Amino acid sequence: MNGATLTVLRRVAPIVAAVAIFVVVLQIAGFAGGDVVGAIVKGSVGTPNALLQSLRWSIPLIIMGLGAVVSFRAGFFNVGGLGQFYLGAIGATAVAVGIPAAVPSWVAIPCAIAAGALMGMIWSLIPGILRVFFGADEVVTTIMANFIAQYLLLYLVSGPLMDRSSATAQGAASPPIPEAFRISTSNGISPVTIGILVVVIAGVAFLILRTSFGVLSGIAGRNSAMLQWQGVKVRRIGLQAFALSGALAGLAGAMEILGPTGKLMQGISPQVGNNAMLVALVAGLSVAGTVFAAWFFAMLTAASLFLPIAVSLPASAIVVLNGIIAILVTAQVKLPRRWRRRRVAAAVPAQAEGER
C-alpha cells in the first residue's frame, strides 16, 4: 500500500468511525440509524435539487476552508472564520445598498466583493496583531471576535442598515440587494460564483505550492524558531497568513450576500464558519483535500434540511455528527505524534545496545 493510499485512508477513517458512532447514538435515542443514513444520502445526492444544494453549500465551505488551511499551515489556529464571514457580509451589504443604482453592475459588484474581502481581512488582522506582537492566544481572541461580530451584525441590521419598510423587531434585515448587483439566484450557483471559486482554488494552490510564502509558512508552522534564527521575518509571515485567511472568509461572506441570501440578516449561515475549521483539519491542510472535505460537509448541510421531513430528526442532529468527527480528527492528529515519540524512545536504547 503506497503513501497516497494510506493518507486517504487516514483521512477517511475518522469519518467512517464517526458515522458508526452516530448511528449507535441514534439507535440508543430511539431512531432507526439505517433510515437516518439513507435519508442523509437521499438529502445530499439523491435528487437533482439535493445535488444542487450540496454544491451551493460547498462553495463558501471551500473558500473558507482554504483560508483556514493558510493560517493553520503557518501555525496559527485562526478559529475566527465566522466573524470574518460576518464582517465580509457587512462590507458587501454596505457597498451594494449604498452605491447609486445608476452605477454599472460590472463596477458595483467588484467593489462590493472587494469591500467584503477587505473587511474580513481587517477583522482577522486584529487578533493576528495581538498574537504576533503581544503573544495573545489567537484561539481566545478569534472566538471573542466572533461574538463581537455577531452582535455588531445584530446591531447593524436592527439600526443603521435596517430595512425599515418591511422589517420587524424579530426579523430585522437590511434592504435587499438590487437585482443588478446579485451574482446568483437563491440557489447560489452561477458562472460568476463558480468562476470565483475556481480562481480561489487555483490561487491558493499556486500560493502554497509555488511561492516562497507557501514554503516559509509551512516551515513556520512546524518550526518557527528555526526560521527566525535564519533571519526570516516570521512575524510578517504570520500577519500575511492572518490577512489572507480573513480575506477569504470575508470573500465568502460577500458572495453569500450578493448571491443566495440577497440581504444581510441575523445568523446568516453560521454553520459555514464553524465547519470551515473541520474542513481544513479533515483535509490535512491540503488544497485538493479541502475541496473533497468541503463537499462532504456541504452534503451534510444539505441533508440536514431533509432530515426533519424524512425521518422526523431535527436538523441539528448533523451538528452532533460534525462534533464527533471533530473529536476523532483531533485525536488522530495527536496520536501519531505520541507514537513517533514512543518509537524514537524505543529506538534509542536499541541503537545504543547494538553499538556495544
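The values are calculated or read from the model by the stated rules, or taken from the named source; none is laboratory data. The structure displayed is predicted, hence computed values, not measured ones. Glycine also receives a Cβ, built like all others from the backbone with ideal geometry; neighbour counts cover every protein chain displayed. Note: areas computed on protein heavy atoms with side chains; ligands, DNA, RNA excluded. Shrake-Rupley method; radii C 1.70, N 1.55, O 1.52, S 1.80 Å.
Taking segment 274-295 as the range and being assigned to a helix (DSSP H, G or I) and either aromatic (Phe, Trp, Tyr) or more than 13 Å from Gly67 (Cβ to Cβ) (or both) as the test, the residues that pass are Asn274, Leu278, Leu281, Val282, Ala288, Gly289, Val291, Phe292, Ala293, Trp295.
In segment 72-100, the residues that are on the phi > 0 side of the Ramachandran plot reach residues that are at pLDDT below 95 with C-beta atoms within less than 7 angstrom, at least six apart or across chains, in these pairs: Gly75/Ala220; Gly75/Gly221; Gly75/Ser224. Does Leu6 satisfy being closer than 30 Å to Arg210 by Cα and either surrounded by fewer than 19 Cβ atoms within 10 Å (Cβ to Cβ) or touching a Leu at 6+ places or on another chain (Cβ under 8 Å) (or both)? Yes. Restricting attention to segment 309-333, which residues are under 18 Å from Gln271 (Cβ atoms), open to solvent by 50 Å² or more (accessible area, probe 1.4 Å) and assigned to a helix (DSSP H, G or I)? Answer for segment 309-333, where residues must be under 18 Å from Gln271 (Cβ atoms), open to solvent by 50 Å² or more (accessible area, probe 1.4 Å) and assigned to a helix (DSSP H, G or I): Val319, Val320, Ile327. If you go through segment 293-318 and keep only what is in contact with an Asp or Glu (Cβ under 6 Å, 6 or more places away or on another chain) and among the hydroxyl-bearing types (Ser, Thr, Tyr), you end up with nothing.
Once segment 173-196 is narrowed to residues that are crowded, with 20+ Cβ neighbours inside 10 Å and of a type in the set (A, V, I, L, M, F, W, C), the residue that is farthest from Val107 (Cα to Cα) is Ala173. Going by what's in this entry, would Thr290 be described as β-branched (Val, Ile, Thr) and either touching a Gly at 6+ places or on another chain (Cβ under 8 Å) or modelled with pLDDT under 90 (or both)? Answer is yes for this residue. Scanning segment 135-170 for residues that are surrounded by 15 or more Cβ atoms within 10 Å (Cβ to Cβ) and either modelled with pLDDT under 90 or among the β-branched types (Val, Ile, Thr) (or both) returns Val139, Thr141, Thr142, Ile143, Ile148, Val157, Leu161, Met162, Asp163, Ala167. Of the helices (runs of 4 or more DSSP H) lying entirely inside segment 154-273, those containing at least 1 residues that are more than 30 Å from Gly135 (Cα to Cα) span 191-210, 234-256. One residue stands out in segment 101-123 among those that are free of Cβ contacts under 8 Å to residues at least 60 places away in the same chain and assigned to a helix (DSSP H, G or I): the one that is most open to solvent (accessible area, probe 1.4 Å), namely Trp106. Of all residues assigned to segment 78-97, none qualifies as being surrounded by fewer than 17 Cβ atoms within 10 Å (Cβ to Cβ) and out of contact with any helix residue (DSSP H, G or I) (no Cβ under 8 Å at 6 or more places or on another chain). Checked against the criterion of being under 25 Å from Leu161 (Cβ atoms), at pLDDT 90 or above and not charged (D, E, K, R), the candidates Ala74, Ala101, Ala68, Ala94 yield just one match: Ala94. Within segment 44-77, restricting attention to residues that are among the polar types (S, T, N, Q) and open to solvent by less than 10 Å² (accessible area, probe 1.4 Å), which residue is nearest to the chain's Cα centre (by Cα)? Top of the filtered list is Ser58. Has segment 221-239 got at least one residue that is hydroxyl-bearing (Ser, Thr, Tyr) and either at pLDDT 90 or above or in contact with a strand residue (DSSP E or B) (Cβ under 9 Å, 6 or more places away or on another chain) (or both)? No, because not a single residue in segment 221-239 is hydroxyl-bearing (Ser, Thr, Tyr) and either at pLDDT 90 or above or in contact with a strand residue (DSSP E or B) (Cβ under 9 Å, 6 or more places away or on another chain) (or both). Of the residues making up segment 245-263, none is open to solvent by 30 Å² or more (accessible area, probe 1.4 Å) and of a type in the set (A, V, I, L, M, F, W, C).
Just for segment 197-232: of the residues that are open to solvent by 60 Å² or more (accessible area, probe 1.4 Å) and of a type in the set (Val, Ile, Thr), which one is nearest to Phe77 (Cα to Cα)? Within segment 197-232, the match that is nearest to Phe77 (Cα to Cα) is Val215. Just one of the listed residues (Leu264, Leu328) is more than 30 Å from Ser174 (Cβ to Cβ) and either among the polar types (S, T, N, Q) or more than 12 Å from the chain's Cα centre (by Cα) (or both), namely Leu328.
Within segment 295-317, residues that are at pLDDT 85 or above have Cβ atoms under 8 Å from residues that are of a type in the set (D, E, K, R) in these pairs: Ala298/Arg56; Ala302/Arg56; Ala303/Lys42, counting only partners at least 6 apart in sequence or on another chain.
When Val132 is tested against the conditions (1) aliphatic (A, V, I, L, M); (2) open to solvent by less than 50 Å² (accessible area, probe 1.4 Å); (3) under 17 Å from Gly250 (Cα atoms), the lone failure is (3).
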